[in-house]
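Structure record follows, encoded as structure tokens.
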Amino acid sequence: MKSCSLAIDIGASGGKVMAGYLEGSQLELIQVHRFENKIIERNDHFCWDIKALFEEVKRGIHKCKEFGLHPRSIGVDTWAVDFVLLDENDELLTETISYRDPRTDGLMEEVHELLSRESLYAKTGIQFQKFNTIYQLHAINKENPNILKKAKSFLMIPDYLHFLLSGIKVNEYTNATTTQLVNAKTKQWDEAILDKLNINKEMFHQILPPKTYIGNLKPEFVQEFGFDMQVLLPSTHDTGSAVVAVPKAEKSIYISSGTWSLIGVENNFPISNSKAMNFNFTNEGGFNYRFRFLKNIMGLWMIQEVKKDYHNKYDFQDFVSLARKESQFNSILNVNDDRFLKPINMIEEIKNYCEETEQDIPSTPGQVAKCVFDSLAQSYLIAISQIEEMLGEEFHTINIIGGGSQNDMLNQLIANTTNKRVIAGPVEATSIGNIVSQLISLKLIVGLEEARELIKHSFNLSMYEQENNMEGLN
């Protein structure tokens, strides 16, 4: 049996259980289990099926035996901002409502009447998005304040999955910062913000950083799986784990490309001045208490929805091929417009936007896809220009990580649009970042720099230059 660490990596459209282990000077990965995740409607809200997700996690752990694997540790990462509330019996007080639910519509303004944008940004450094946890909690307080009064535990999605596995409740640092409730300087829950918004302080748990050991599996799971594991905190925000896997972090901009596009740089300090606030950049917590200074941009979610609206007639590579044939179509969207967050029909919303802005309206799948790809590349250019303006320096390299790094057309578009070198990969950055965090905790890797060198030499990367000059990297 091969000893390994398990990364449970769950995104908005799917999840996977990945095993990782060191083989000489290489990091090896095995995909043990893959499963679907999707938003469901319950009690008039868009929700996640958290119980089904945990069953898939367990199914993946069981499958390890089929691969001859003996996991020694496990860590979970997911998307940000969403959470569960538990009562005194550790039962769920509400459905696990998704950030795409409209319950927060119009509530940012209400919160900012109690806490000005300037004071909130100065304290937390977190960008303003209507679905941030702070606005979700305010929505609960408006709809049913008794829920927050009853709540004994606030756990973000990966915190809750860790709790189900270990019985231990903690709040992990990188994901906690996305709530807009953590003070960027103290790295603790900001009690003044909680008091101002009448949010129950007692339900929050200790904030712990990645690499922390929180406990072992519950005895019943040791019996069920036939082995024990340490439960170790990775960066539980999936982007936090993905950024750990950036093979070249110094003097480069990263784009974590998936359902969302997260574009930014690593910093040792938060940038929470008025310019950063007006550009709507965020300072999310990172590994080793670094800050991920980035902008959250609507990503390949748009193509995922377009695929669905075409009744899955085309796969993602089909959209790339079709878009290449539409070189004369050049309409551009503001991909961050709220209308694209959860539209009834993404294709119609794209067409409506083009019509309203007096641009050519896409009429074929290739034109719709090219419109999305071009618009994403343009949004990256704007964000990069803002980063360079705020930091007062020019960056020459962009590292694209995650599933979106497989999109050759978009990678080349980014290189052409920004006039910068693009390094694409690794594809499984989030799972890799999760696993190397565990390996560091287990003292099998010395630290982040060694981990990044390991990653650089373990996975194939591709390089794109402006003017379609492309070659492989080893």
- Message: Any residue that is surrounded by fewer than 16 Cβ atoms within 10 Å (Cβ to Cβ) and over 27 Å from L442 (Cβ atoms) - is there at least one of those in the stretch 53-64?
- Response: yes
- Item | Among the residues listed as G258, G240, G285, the single one being surrounded by 21 or more Cβ atoms within 10 Å (Cβ to Cβ), closer than 30 Å to T418 by Cβ, at pLDDT below 95 and under 21 Å from the mean Cα position of the chain (by Cα) | G258
- Item | Filter pass, V222 being free of Cβ contacts under 8 Å to residues at least 40 places away in the same chain, among the β-branched types (V, I, T), outside the structural domain of T418 (by TED's automatic domain parsing) and more than 27 Å from E394 (Cα to Cα) | yes
- Query: Which condition does D337 not pass, out of (1) charged (D, E, K, R); (2) in contact with a strand residue (DSSP E or B) (Cβ under 9 Å, 6 or more places away or on another chain); (3) surrounded by 18 or more Cβ atoms within 10 Å (Cβ to Cβ), if it passes all the others?
  - Reply: (3)
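Whether any residue in the stretch 168-188 is at pLDDT 95 or above and within 17 Å of E95 (Cβ to Cβ) is what I want to check. Before you say what the answer is, go through the steps one by one.
Restricting attention to the stretch 168-188, the residues satisfying the condition of being at pLDDT 95 or above are 168-188.
Checking the rest, the ones that are also within 17 Å of E95 (Cβ to Cβ) come to none.
Looking through the stretch 168-188, none of the residues is at pLDDT 95 or above and within 17 Å of E95 (Cβ to Cβ).
Scan the stretch 29-41 and give yes if some residue there is touching a helix residue (DSSP H, G or I) at 6+ places or on another chain (Cβ under 8 Å) and closer than 26 Å to V446 by Cβ, otherwise no.
Restricting attention to the stretch 29-41, the residues satisfying the condition of being touching a helix residue (DSSP H, G or I) at 6+ places or on another chain (Cβ under 8 Å) are 29-30, 32-33, 35, 37.
Remaining after also requiring closer than 26 Å to V446 by Cβ: 29-30.
Looking for residues that are touching a helix residue (DSSP H, G or I) at 6+ places or on another chain (Cβ under 8 Å) and closer than 26 Å to V446 by Cβ, one finds at least one in the stretch 29-41, hence yes.
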- Query: Is it true that some residue in the stretch 315-333 is surrounded by 17 or more Cβ atoms within 10 Å (Cβ to Cβ) and part of a strand (DSSP E or B)?
  - Reply: no
- Output for the stretch 291-314, where each listed residue is in a helix (DSSP H, G or I), charged (D, E, K, R) and either in contact (Cβ under 8 Å) with a residue 40 or more places away in the chain or closer than 17 Å to G404 by Cβ (or both): E305, K307
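Condition check ((1) surrounded by fewer than 17 Cβ atoms within 10 Å (Cβ to Cβ); (2) within 28 Å of S379 (Cα to Cα); (3) of a type in the set (A, V, I, L, M, F, W, C); (4) modelled with pLDDT of 95 or more) across all residues:
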site	(1), (2), (3), (4)
E428	no, yes, no, yes
S431	no, yes, no, yes
Q438	no, no, no, yes
K456	no, yes, no, no
M470	yes, yes, yes, no
- Contact list, first residue from the stretch 181-206 and assigned to a loop (DSSP other than H, G, I, E, B), second anywhere and among the aromatic types (F, W, Y), beta-carbon distance below 7 Å, six or more apart or interchain, is L181/W189; K187/Y173; K187/Y289; F204/F154; F204/W189
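Might you check whether a residue that is outside the structural domain of M298 (by TED's automatic domain parsing) and more than 25 Å from the chain's Cα centre (by Cα) occurs anywhere in the stretch 118-138?
There is at least one residue in the stretch 118-138 that is outside the structural domain of M298 (by TED's automatic domain parsing) and more than 25 Å from the chain's Cα centre (by Cα).
Sort out for me the helices (runs of 4 or more DSSP H) sitting completely within the stretch 49-163 that have 2 or more residues that are aliphatic (A, V, I, L, M) and closer than 17 Å to T236 by Cβ.
50-63
What number of residues within the stretch 23-44 satisfy the criterion of being surrounded by fewer than 17 Cβ atoms within 10 Å (Cβ to Cβ) and assigned to a strand (DSSP E or B)?
Step one: list which residues in the stretch 23-44 are surrounded by fewer than 17 Cβ atoms within 10 Å (Cβ to Cβ), which gives 23-26, 28, 30-31, 34-36, 38, 40-44.
Remaining after also requiring assigned to a strand (DSSP E or B): 23, 26, 28, 30-31, 34-36, 40-42.
Of the residues in the stretch 23-44, 11 are surrounded by fewer than 17 Cβ atoms within 10 Å (Cβ to Cβ) and assigned to a strand (DSSP E or B).
Can you pull out the residues in the stretch 85-114 that are touching a Leu at 6+ places or on another chain (Cβ under 8 Å) and under 23 Å from G258 (Cβ atoms)?
Residues of the stretch 85-114 that are touching a Leu at 6+ places or on another chain (Cβ under 8 Å), as a first pass: 85-87, 92-94, 100, 111-112, 114.
Answer for the stretch 85-114, where residues must be touching a Leu at 6+ places or on another chain (Cβ under 8 Å) and under 23 Å from G258 (Cβ atoms): just R100.
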- Go through L341, L333, L381 for me and flag whichever is modelled with pLDDT of 95 or more and within 16 Å of W260 (Cβ to Cβ). L333
- Message: So in the stretch 101-153, with the set limited to residues that are of a type in the set (K, R) and free of Cβ contacts under 8 Å to residues at least 60 places away in the same chain, which one is surrounded by the most Cβ atoms within 10 Å (Cβ to Cβ)?
- Response: R103
- Item | Some residue of the stretch 370-377 being crowded, with 17+ Cβ neighbours inside 10 Å, among the polar types (S, T, N, Q), in contact (Cβ under 8 Å) with a residue 40 or more places away in the chain and under 25 Å from T282 (Cβ atoms) | yes
- Item | Selection within the stretch 81-100 - touching a residue at least 60 places away in the same chain (Cβ under 8 Å), buried (at least 19 other Cβ atoms within 10 Å of the Cβ) and not polar (S, T, N, Q) | V81, D82, F83, V84, L85, L86
- Message: Being without any contact (Cβ under 8 Å) to a residue 40 or more places away in the chain and either in a helix (DSSP H, G or I) or surrounded by 20 or more Cβ atoms within 10 Å (Cβ to Cβ) (or both) is the filter here; which residues of the stretch 267-282 pass it?
- Response: N278
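The values are calculated or read from the model by the stated rules, or taken from the named source; none is laboratory data. None of the values given here were measured: they were computed from a predicted structure. Ideal geometry is used to build each Cβ from the backbone, glycine not excepted, and the neighbour counts take in all protein chains shown.
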